[in-house]
Every structure is written in structure tokens, then in C-alpha cells.
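The values are calculated or read from the model by the stated rules, or taken from the named source; none is laboratory data. All of these numbers come straight from a predicted model, not from anything done at the bench. Positions of Cβ are backbone-derived with ideal geometry, glycine not excepted, and every protein chain shown enters the neighbour counts.
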């Protein structure tokens, strides 16, 4: 009788051992499949870049280093506001060809409020040279296609910000006195330009965003300036780089292989 029960007990132990072994193997396979699936999803996220929280800002934004350097001493600096300002400066630069060639060219001009004295004088000289040759030249701004902050540097007195912009505009020219440039068929131009801005070191971005609104930083009147860079309302020198960025130069990017 005891022999029979022993064999039954041995058989039950064997059955339980086999069942446990099968369950262990099945759970191990499930765990390996889960880890493999998670690994594939992780690699897919890294390849696609969809896991934004895992990537630092500087990897997502190529302008990050320029912004970081400026914000060290000017925390309120905004790259988006700067791009809007650059677009307005480019529009003003194009329109200066028409304004400076007019009858009141020696009066207040738009370009003076956003350009350095050197750029303002050189632009007036270029317009005067065109007039002396009998050529009427007018540029009409169309659109700023793109803009990027590319470099920041400073010296003991000033700091400099360089941007690359992609802009389109229309050029009208006439060499006949009886035919104004605007009456001719314009030619659309579409080019990349380097725009370089400067201001004095220590200058802070206006907290109320006066720069992008084009307000006088002293009296908050609409920003104008005479040829000396002085606000005609409060007589404060405004276009001197002590309050906001001024356009120092604008230069077309030449294709490689061309002068």
C-alpha cells in the first residue's frame, strides 16, 4: 500500500516540475521579447529625434551658441525679435534708394534710425553717384524668406552680431530723365546677404520691446532721427548704438568662384 502512494507522490512531483519548467521558459521568452521591443522603440526615438526632452536645446537650434553668448549680459535678448528687426532694416535699406534720391534727401531719412553713421554716409554717396551718372535706381522690398543668427563677437568697446538673410526685392532702373525708375519693368532679385549689426557693450534689450516697435528709447515717440542720429522730438542722440543694434553693413553673398 505504501509503495503505491510513493509512486503517486513521485509522479505528482515530476508533473509539477515539468509544469514549472515550462512556465519558466515561457516567462523568459516573454521578457526577452518585451526588452527587445522596448530597445527597438528606443532606437527609433533616437533616430527620429521625437524625444525632445532627451535632446538639449543647442542640438535642436543651430543659433543656440550665439543666443547664449548674448544672453550672458543681456537676458532679455530675443532671437525672434532680432529677426523681425533685421527684416525691417532690410526693407528700409532698399527703400533708401528712392528716399535719398528725392527732393528732400537731406532731411530725416528712415535709414538713419537703424544704420550706423558710416553706413548712412556710404549709402548717400552711392545714391549720389548714381544720380551723377543720370541713372535712376529704386529698390522695392518684397519678402524676407529666411534669416539666421550666425556669429557674435565683441571687443573692448562694442559687440557685433552677424546674420545671414535670404531676401527678395525688385530693382527698377532708368537712364532717361523723362522716365522715372518706377515706370520701368522691374527685375526681381532673390539673394542671400550678410547683415552685420553693432552696439556698445553693456547695452540691454528694452524690456518693453521698444526695439521691434521702433520707438525712441528716451521719449517713446515714433522713432525718427535726423542725419546726426538725434530724435527730433526730445533731441536725444538715439542712433549711436547705446540703446539698440544698428546696421553696420549689408553685403551680398557671392557664389563660390565669383568675386
Kindly check whether there is at least one residue in the range 204-215 that is touching a strand residue (DSSP E or B) at 6+ places or on another chain (Cβ under 8 Å) and farther than 19 Å from residue 91 by Cβ.
no
Among the candidates 125, 136, single out the residue that is surrounded by 20 or more Cβ atoms within 10 Å (Cβ to Cβ) and over 28 Å from the mean Cα position of the chain (by Cα).
136
Tell me yes or no: at least one residue of the range 224-235 is out of contact with any strand residue (DSSP E or B) (no Cβ under 7 Å at 6 or more places or on another chain), free of Cβ contacts under 8 Å to residues at least 12 places away in the same chain and in the same structural domain as residue 141 (by TED's automatic domain parsing).
yes
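Yes/no matrix, rows are residues, columns are (1) assigned to a helix (DSSP H, G or I); (2) more than 18 Å from residue 170 (Cα to Cα); (3) modelled with pLDDT of 85 or more:
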site	(1), (2), (3)
58	yes, yes, no
67	yes, yes, yes
75	no, yes, yes
106	no, yes, no
146	no, no, yes
149	no, yes, yes
Qualifying position, being modelled with pLDDT of 90 or more, under 23 Å from residue 102 (Cα atoms) and in the same structural domain as residue 73 (by TED's automatic domain parsing), among 198, 188
188
Quick test for you: out of 43, 84, pick the one residue that is part of a helix (DSSP H, G or I) and at pLDDT 90 or above.
84
